[in-house]
Amino acid sequence: MQTILSLGNALNQGTARGSAIRFRLDSLLKLTNTHARNNRMTFMHYLCKVLADKLPEVLDFSKDLQSLEPAAKMQLKYLAEEMQAITKGLEKVVQELSTLMLH
């Protein structure tokens, strides 16, 4: 995502959009519609070329997709409860460390 943002800022340099700090996910759909002047290469083609040259490990994301379907099935309520339990646990750890440091 950072590479996409950086490339987008480079392409839009000198315009109001040339210093973006974020972008909307639906703008990713436009990557195949933005063409070079010769009309042969899209932004997506260029992005893949840059990533293959500079960060080839990023293109090997298929193994990351294996957990996507199970994660999508998780209920938000369950995640919020888990997060709350983790937060309480961390608070206890901080309290214990504070106590230990005072002694």
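The values are calculated or read from the model by the stated rules, or taken from the named source; none is laboratory data. It should be emphasised that the depicted structure is a prediction, and the values quoted were computed from it without experimental measurement. All Cβ positions, even for glycine, are placed from backbone atoms using ideal geometry, and neighbour counts span all protein chains on display. Surface accessibility is based on the protein's heavy atoms, side chains included, excluding ligands, DNA and RNA. Shrake-Rupley method; radii C 1.70, N 1.55, O 1.52, S 1.80 Å.
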Legend entry - Karplus (6.51, -1.76, 1.60) ³J(HN,Hα), θ = phi - 60°, over the range 90-96, in Hz, Gly and Pro reported as x: 5, 4, 5, 4, 4, 4, 5
Legend entry - the chain: most fluctuating residue of L79, L51, L31 per GNM, C-alpha cutoff 10 Å: L79
Inset, instruction - Could you point to the label whose value was computed as log10 I(q)/I(0) by the Debye sum over Cα atoms at q = 0.10, 0.18 Å⁻¹ for the structure here, given (1) -0.56, -0.98; (2) -0.22, -0.76; (3) -0.26, -0.85? - result: (1)
Legend entry - Within the range 48-62, backbone nitrogen closer than 19 Å to the virtual label 7 Å beyond the Cα of S6 toward Cβ: 48-61
Legend entry - At R0 = 22 Å, FRET efficiency that the Cβ-Cβ distance of T15 and M41 yields, to 0.05: 0.55
Inset, instruction - Check cross-link reach from K54 to the lysines: straight Cα distance under 24 Å, and skip same-chain residues fewer than eight apart. - result: K30, K63
Inset, instruction - Using a 1.4 Å probe and ignoring any ligands, DNA or RNA, find the accessible area of E57 and quote it in Å² to the nearest 10. - result: 120 Å²
Inset, instruction - May I ask you to list the chymotrypsin sites (Phe, Trp or Tyr not before Pro) in the range 3-62 that are in a DSSP loop and have at most 13 other Cβ atoms within 10 Å of their Cβ? - result: F61
Inset, instruction - Enumerate the calculated ³J(HN,Hα) couplings along the range 14-19 in order (Karplus 6.51 cos²θ - 1.76 cosθ + 1.60, θ = phi - 60°), each rounded to whole Hz, writing x wherever the residue is Gly or Pro. - result: x, 10, 5, 8, x, 10
Inset, instruction - Note the angle between two axes, namely the Cα long axis of helix 43-54 and the longest principal axis of the Cα atoms of the chain, as a number of degrees from 0 to 90, rounded to the nearest 10. - result: 60 degrees
Inset, instruction - Could you state how much accessible area L90 has, in square angstrom rounded to the nearest 10, with a 1.4 Å probe and all protein chains kept in place? - result: 110 Å²
Legend entry - Candidates Q13, Q84, Q66, ranked by Gaussian network fluctuation over the chain, Cα under 10 Å, top entry: Q84
